[in-house]
């Protein structure tokens with residue numbers, strides 16, 4: 001269902017609603033809504049739109065699963081790469097080979113600079129630590145405001161309506 005169809009049906013619904021109310025100002029809401037539902041396709045248009053959204057949710061679920069599988073495959077291939085390189089390194093070291101020239105690449109053993117190994121974080125002086133910025137605990141803020149406590153710089157928003165879709 002396209003956006004244009006939905007707009008068209010909403011326009012028809014609104015115009016017909018106005019005409020019915022002008023013709024019978026005393027009409028009750030239930031009768032009005034029943035009449036409008038039978039005379040327009042707005043309900044069907046909204047239903048088709050939500051059905052399309054549900055299909056998109058299925059696609060998203062499938063794509064997320066596929067991405068997880070591909071990420072796992074990527075990780076396995078990366079481990080395989082690391083293992084192959086480590087095997088080449090240890091073989092060259094054991095054989096005493098410092099350099100190998102191939103048509104498409106050159107291998108050479110080289111020393112790497114030293115890296116840091118932390119043996120006990122608790123005894124490292126504080127000037128080596130990077131302070132982290134404070135992060136607002138919005139859940140605690142919301143719970144406190146809901147409990148009725150006023151907090152300068154924060155307030156509860158007005159309630160909004162949301163669309164609930166239950167799948168049978």
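Hey, what D do you get for the range 3-146 in µm²/s if you plug the Kirkwood alpha-carbon radius into Stokes-Einstein at 10 °C and 1.306 mPa s? Diffusion coefficient, whole number: 64 µm²/s.
Classify the range 64-139 as rounded, prolate or oblate, taking a ≥ b ≥ c as the square roots of the eigenvalues of its Cα gyration tensor: rounded when a/c is under 1.5, otherwise prolate if a/b is larger than b/c and oblate if not. Oblate is the answer for the range 64-139, as a/c is 1.5 or above yet b/c matches or exceeds a/b. What separates the Cα centres of the range 103-153 and the range 21-62 is a distance of 50 Å. Just checking the listed ones, 96, 153, 38: in the Gaussian network model of the chain with Cα springs under 10 Å, the one fluctuating most is 153.
Classify the range 1-42 as rounded, prolate or oblate from the Cα gyration tensor: take a ≥ b ≥ c as the square roots of its eigenvalues, call it rounded if a/c is under 1.5, otherwise prolate when a/b beats b/c and oblate if not. Prolate. Under a Gaussian network description of the chain, with springs only between Cα atoms under 10 Å, the residue in 108, 157, 90 that fluctuates furthest is 157. Against the chain, whose longest principal axis is taken from its Cα atoms, helix 29-39 shows a tilt of about 70°.
Comparing 140, 109, 33 in a Gaussian network model of the chain, where Cα atoms under 10 Å apart are tied by springs, the biggest mean-square fluctuation is seen for 140.
When its C-alpha radius of gyration is set against 2.2 N^0.38 Å (N residues), the range 97-151 gives a value of 2.63.
From helices alone, the chain scores -20000 deg cm²/dmol at 222 nm; the rule is -39500 (n - 2.57) for each run of n ≥ 4 DSSP H residues, then divide by the residue total. For helix 42-95, report the angle its Cα long axis makes with the longest principal axis of the Cα atoms of the chain; keep it between 0 and 90° and round to the nearest 10°. Tilt of helix 42-95: around 0 degrees.
Quick note: the coordinates plus some simple rules give every number you see, no bench work behind them. Just so it is clear, the model here is predicted, and its values are computed rather than measured.
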